[in-house]
1. State the number of residues belonging to segment 38-79 that are among the aliphatic types (A, V, I, L, M) and more than 12 Å from the chain's Cα centre (by Cα).
2. Which one of these is of a type outside the set (A, V, I, L, M, F, W, C), at pLDDT below 95 and not in a strand (DSSP E or B): GLU36, GLU28?
3. So LYS64 clears everything in (1) outside any helix (DSSP H, G or I); (2) under 28 Å from ALA11 (Cα atoms); (3) of a type in the set (Lys, Arg) except one condition, right? Which one?
4. Which condition number in (1) within 13 Å of MET1 (Cβ to Cβ); (2) surrounded by 15 or more Cβ atoms within 10 Å (Cβ to Cβ); (3) not hydroxyl-bearing (Ser, Thr, Tyr) is the one that ALA31 fails?
5. Out of all the residues in segment 2-28, which are aliphatic (A, V, I, L, M) and either closer than 19 Å to ASN74 by Cβ or surrounded by 14 or more Cβ atoms within 10 Å (Cβ to Cβ) (or both)?
6. Within segment 42-56, can you find the residues that are surrounded by fewer than 17 Cβ atoms within 10 Å (Cβ to Cβ) and either touching a residue at least 12 places away in the same chain (Cβ under 8 Å) or in contact with a helix residue (DSSP H, G or I) (Cβ under 6 Å, 6 or more places away or on another chain) (or both)?
Amino acid sequence: MLRISVKESNAEVVTLMLEGKVAEDSVELLASSCAEVLRGPRQLILDFSGVSFVDKRGIELIHKLASSRVAVVNCSGFVAQQLGRKG
């Protein structure tokens, strides 16, 4: 299960707070939430401080989003390792 909430929103940036697991059906939920924000000119920040696990589909989505106007911040060491990132 994944909970997505807007942490901050202004004319330039939207920050989404994620809590739970980016896995199974929640990957599609995250993809659609991101697509909605990215339709406009704003940058998207995904705050992963509440994420405990990311499955293979979630990892693929995050890597795809990283090539857009999307930044992933506040990953735990475990999640950063899953994503192939340093801390």
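1. Counting residues in segment 38-79 that are among the aliphatic types (A, V, I, L, M) and more than 12 Å from the chain's Cα centre (by Cα) gives 1.
2. GLU36
3. Of (1) outside any helix (DSSP H, G or I); (2) under 28 Å from ALA11 (Cα atoms); (3) of a type in the set (Lys, Arg), only one is false for LYS64: (1).
4. Among (1) within 13 Å of MET1 (Cβ to Cβ); (2) surrounded by 15 or more Cβ atoms within 10 Å (Cβ to Cβ); (3) not hydroxyl-bearing (Ser, Thr, Tyr), the lone unmet condition for ALA31 is (1).
5. LEU2, ILE4, VAL6, VAL13, VAL14, LEU16, MET17, LEU18, VAL22, ALA23, VAL27
6. Selection gives ARG42, GLN43, SER49, GLY50, SER52, PHE53, ASP55.
The values are calculated or read from the model by the stated rules, or taken from the named source; none is laboratory data. Note that this is a predicted model, so its numbers are computed, not measured. Cβ: placed from backbone, ideal geometry, glycine included. Neighbour counts: every protein chain shown.
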